[in-house]
Ligand code: B16
Ligand code: MG
């Protein structure tokens, strides 16, 4: 069987940590007198920690000294980690474990491609780290999605060409990054939001084993996108 590289985003694909980012960013925003809504939180999906705080300051039309900025980022992360520390395998999103096991059964390569600097501890918390051949996270890249760096590094870590890689992503920036990297982009989430993806599924329960096998064999590729699956 051909070997392909399956690269998973973390937040919104494997686990829903967006709800914990929301609680921590909301606390931070309120502490500096800035409002923060769930809609704004949506716009921070896939966005780096630094850029997220910059955006919150822009929305609140306010600014901070460099020292305050660093201090608040550290506080936000401390708060976020207090939620992460309570996570366990029950927080893995539906059918993710089964999909990973099926890929392993098919002898495929698996990588993580996440913007989060907390990706490794999160994977350990939910007990999935042993399923990954490579992990590329926010500590390993200098350019944030939609730059393809995180996924290109993932392909390199797996020893595969980008064209032989497939990305599962829940953010628009992540889908754009995968497309720029010339990888098959698979959106996990809302069709209206992720329309730039080659293929879109509401979640992994909707993705058949036949679809995965067709991707592995090359029957389905970037050119087959938008055909009925
Ligand atoms: P951290 P992903 C992203 O994870 C989150 O979607 C985004 O909201 C967060 O700001 C970013 O990680 C950085 O996270 O503060 O833990 O370094 O979707 O790329 O897995
Ligand atoms: Mg994500």
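The values are calculated or read from the model by the stated rules, or taken from the named source; none is laboratory data. Every value quoted in this text rests on a predicted model; they were computed, and no experiment measured them. Every residue, glycine among them, receives a Cβ derived from its backbone with ideal geometry; neighbour counts consider all protein chains shown.
Summary table
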{"read-out": "Options 147, 133, 140: the member that is in the same structural domain as residue 190 (by TED's automatic domain parsing), under 21 Å from residue 198 (Cα atoms) and surrounded by fewer than 20 Cβ atoms within 10 Å (Cβ to Cβ)", "value": "147"}
{"read-out": "Considering residues of the range 217-229 that are part of a helix (DSSP H, G or I) and either loosely packed, with under 13 Cβ neighbours inside 10 Å or in the same structural domain as residue 164 (by TED's automatic domain parsing) (or both) only, the residue modelled with the lowest pLDDT", "value": "223"}
{"read-out": "Single condition residue 102 does not satisfy, out of (1) surrounded by fewer than 17 Cβ atoms within 10 Å (Cβ to Cβ); (2) in contact with a helix residue (DSSP H, G or I) (Cβ under 7 Å, 6 or more places away or on another chain); (3) within 17 Å of residue 16 (Cα to Cα)", "value": "(3)"}
{"read-out": "Hits in the range 41-76 - residues which are part of a loop (DSSP other than H, G, I, E, B) and more than 29 Å from residue 176 (Cα to Cα)", "value": "62, 63, 64, 65"}
{"read-out": "Any hit, the range 63-76, residues being surrounded by 15 or more Cβ atoms within 10 Å (Cβ to Cβ) and within 18 Å of the chain's Cα centre (by Cα)", "value": "no"}
{"read-out": "Selected residue (criterion: nearest to the chain's Cα centre (by Cα)) from residues of the range 102-122 that are within 14 Å of ligand 2 (Cβ to nearest atom) and part of a helix (DSSP H, G or I)", "value": "119"}
{"read-out": "Which numbered condition residue 176 fails, given (1) under 24 Å from residue 94 (Cβ atoms); (2) crowded, with 19+ Cβ neighbours inside 10 Å", "value": "(1)"}
{"read-out": "Some residue of the range 49-60 being within 30 Å of residue 100 (Cα to Cα), in contact (Cβ under 8 Å) with a residue 60 or more places away in the chain and either under 24 Å from the mean Cα position of the chain (by Cα) or surrounded by 13 or more Cβ atoms within 10 Å (Cβ to Cβ) (or both)", "value": "yes"}
{"read-out": "Qualifying residue in the range 1-10 (condition: more than 10 Å from ligand 1 (Cβ to nearest atom), modelled with pLDDT under 95, over 17 Å from residue 121 (Cα atoms) and within 19 Å of the chain's Cα centre (by Cα))", "value": "no"}
{"read-out": "Selection count, the range 166-184, where residues are touching a strand residue (DSSP E or B) at 6+ places or on another chain (Cβ under 7 Å) and either on the phi > 0 side of the Ramachandran plot or more than 14 Å from ligand 1 (Cβ to nearest atom) (or both)", "value": "4"}
{"read-out": "Per-region count, the range 1-40, residues buried (at least 17 other Cβ atoms within 10 Å of the Cβ), assigned to a loop (DSSP other than H, G, I, E, B) and touching a strand residue (DSSP E or B) at 6+ places or on another chain (Cβ under 8 Å)", "value": "7"}
{"read-out": "The one condition in (1) more than 10 Å from ligand 1 (Cβ to nearest atom); (2) free of Cβ contacts under 8 Å to residues at least 60 places away in the same chain; (3) under 19 Å from residue 118 (Cβ atoms) that residue 34 fails to fulfil", "value": "(3)"}
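Per-residue answers, yes or no, for (1) more than 16 Å from ligand 2 (Cβ to nearest atom); (2) under 21 Å from residue 100 (Cβ atoms):
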| site | (1), (2) |
| --- | --- |
| 124 | yes, yes |
| 135 | no, yes |
| 148 | no, no |
| 165 | yes, yes |
| 183 | no, yes |
